[in-house]
Amino acid sequence: MNVSLRRPRLVTEKRIVDAGIAITLPNVTVKSIAAQLGVSTVAVYNHVESADVLRRVVAEGIIDRHTPPAPAGRDLEEDILDLAFALRRFVHDYPGIGPYLAQIDATSQRGVARIDEVMTAYVRRHDLTPRYAAWLVSTVSEHAIALAELVHIRGGRPRNKPEAIAERADLTTLPAAVGTEAGLTPDDYFAWSIRAVIIGAITLLDTRPHPLPRRAGEGEAADRTRFAAPSGS
């Protein structure tokens, strides 16, 4: 009996995502993915209609494979801090995903679904109202992504030259502060920055100009002035 074995498809969404991860998101082009898969560019175009769509497929695939940590149910500040550290690792593990995360909109099916999952986990674990959880999670997340992408890069925060600063006679405050950073690790720097964002966001949501209720049943008066830019800005 003759058995016909079907050849596996060389271009699938999974293989495209695998290839994109291997070469990193900033290097994803139709040509580079074709080379990584060992196929022609025509074969790739048969699966995606443009280079922009191709990059989106890879980014969405990366998001789909990542599971953010669930809140452990400890102090709200500590749980949000864990989320921020997880986002930093995610940005560092997948170069190029940071800018994509920062620009997620309604067209990102998996991205929006993952954001909703995270916010819902905080609603349930900490008994938060949806509005409170959405504002807190989104505010801290966007700062964590930005810091991971621009400041706390892989390998640690770039070190300044404290000795050179201490010796400058034209400076007043910075020389006196030299040495206060001794012994701080990259994680310490990141935690300091993110805690400032978390504490500030919680304080703002809880107190100014009118508290945004944390828990269902406390009432949620519409208050857009809380998030408005300062007058004259």
Spacing of the two label points (7 Å from each Cα toward its C-beta) at Tyr45 and Thr185, in nm: 5.1
Rounded to 0.05, the calculated FRET efficiency for the beta carbons of Arg208 and Asp75 at R₀ = 25 Å is 0.70
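Averaged per residue, what accessible area in Å² does region 1-113 show with a 1.4 Å probe, protein chains only? Show your work: numbers first, answer last.
Working: 6510 Å² over 113 residues.
Accessible area per residue: 58 Å².
If you roll a 1.4 angstrom probe over the protein chains with everything in place, what fraction of the accessible area of region 16-80 belongs to carbon and sulfur, to the nearest %? Walk me through the intermediate numbers first.
Numbers: 1560 of 3120 Å².
Carbon plus sulfur share of accessible area: 50 percent.
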Label-reachable residues, region 61-83, where backbone N falls under 19 Å from a point 7 Å from Ala113's Cα toward its Cβ: 61-70
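Calculated FRET efficiency, Ala35 and His92, Cβ-Cβ r, R0 22 Å, to nearest 0.05? The partial results should precede the final answer.
Working: r = 25 Å, r/R0 = 1.16.
Rounded to the nearest 0.05, the efficiency is 0.30.
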What does the extension gain come out to for Asp18 and Ala164, with contour length at 0.36 nm per residue minus their alpha carbon separation? 48.0 nm
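The values are calculated or read from the model by the stated rules, or taken from the named source; none is laboratory data. Given the structure is predicted, the values throughout are model-derived calculations rather than measurements. Note: ideal-geometry Cβ built from the backbone for every residue, glycine included; neighbour counts use all protein chains shown. Remember, those area values only see protein heavy atoms, side chains included, never the ligands or the DNA or RNA. Shrake-Rupley method; radii C 1.70, N 1.55, O 1.52, S 1.80 Å.
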